[in-house]
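Q: My questions will all concern the structure given below.
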Amino acid sequence: MLAFEQYRVRSDLYETHFHSAAMDIFLAKIPPTMTTGLDLTHYEDVAGFLDKPGDMTECALFYDTRITCAPGKREAVLAGLKTVAGQVEREEKGTYTYLVLRSLDTEDGVRVFERYASKEAMEEHRRGKALLGFFMASKEIIKSMEGWSYVPNGYGWLHR
């Protein structure tokens, strides 16, 4: 299970959310189903968009990419991804979310959250000039990259 949550400040997560009645119930029930425990990572948004349709439309596919940058190269990677995000927002109707994030926990971490209207929309993005150009130009500044795809679970996007 992946939960993507955004808070104004860290204390909203650790002092308010974690001490809520809903989290008391969740934390009592969930441990037997987890293999890693709560794996919390912290990021700040750098570029992109969260909900391009503007109506919280549920996607058909969600993709989560984690990038580890070569030493001292994170800002160059982020600059390239900012360019990609701008082009995606202007040109890709089937991309609902393209959010570029800088890790607050490490000096070399970058993460990209993507939501797509369909598998075809994701494949179109993967073949796009912006992304391919970024990867060709970034071979020496990206140390590693891994990604996972997810499908909706019926709870929707931006569910409260």
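Q: With charges only on Cβ, +1 for K and R and -1 for D and E, what is the dipole size of the chain about its Cα centre, in debye, rounded to 20?
A: 360
Q: For the stretch 73-160, which GluC sites (Glu not before Pro) are both in a DSSP coil and crowded by at most 14 other Cβ atoms within 10 Å?
A: Sites meeting the loop and neighbour criteria: E107, E140.
Q: Same structure, new question: Percent of Cα-Cα pairs per 10 Å bin, from 0 to the last occupied bin, for the stretch 1-40, please list those.
A: Final binned percentages: 24, 57, 19, 0.
Q: For Cα pairs less than 8 Å apart in space and 6+ apart in sequence, what is the mean separation divided by the residue count of the chain, i.e. the relative contact order in percent?
A: Relative contact order of the chain: 30 percent.
Q: Read phi for every residue in the stretch 129-144 and hand back ³J(HN,Hα) as whole Hz from Karplus 6.51 cos²θ - 1.76 cosθ + 1.60, θ = phi - 60°, with x for Gly and Pro.
A: 4, 4, 5, 4, x, 4, 5, 5, 7, 10, 4, 8, 10, 9, 7, 7
Q: Over the chain, consider all pairs of different Cα atoms and compute the Kirkwood hydrodynamic radius from their mean reciprocal separation; express it in Å, one decimal.
A: 17.0 Å is the Kirkwood radius here.
Q: Then there is this: As a test of understanding, state the convex hull volume per residue of the stretch 50-134 from its alpha carbons, in Å³.
A: Spelled out: Cα convex hull of the stretch 50-134, divided by residues, is 89 Å³.
Q: Got a sec? Which residues in the stretch 102-126 would a label at A3 touch, if it sits 7 Å along Cα→Cβ and we count backbone N under 20 Å?
A: What the label zone holds, given the 20 Å backbone N cut-off, is 104-105, 113-114.
Q: Lysine pairs, Cα distance under 20 Å, 8 or more residues apart or cross-chain: how many in the chain?
A: Summing the qualifying lysine pairs gives 14.
Q: A further question on this structure: Only counting other Cβ atoms within 10 Å, I'd like I142, I67, I30, I25 sorted with the fewest neighbours first.
A: Least crowded to most crowded, the residues run I25, I30, I142, I67.
Q: Still on this structure, I have one more. Considering amide H positions built from the backbone, and no H for Pro or chain starts, which residues 5 or more places from I142, or on another chain, come under 5 Å of its amide H?
A: Residues meeting the amide H criterion: A70.
Throughout, read-outs are computed from the coordinates displayed, never taken from laboratory work. Note that the structure is predicted; figures quoted are calculated from it, not measured. Counting neighbours? That spans all protein chains shown, and the Cβs are built from the backbone with ideal geometry, glycine included.
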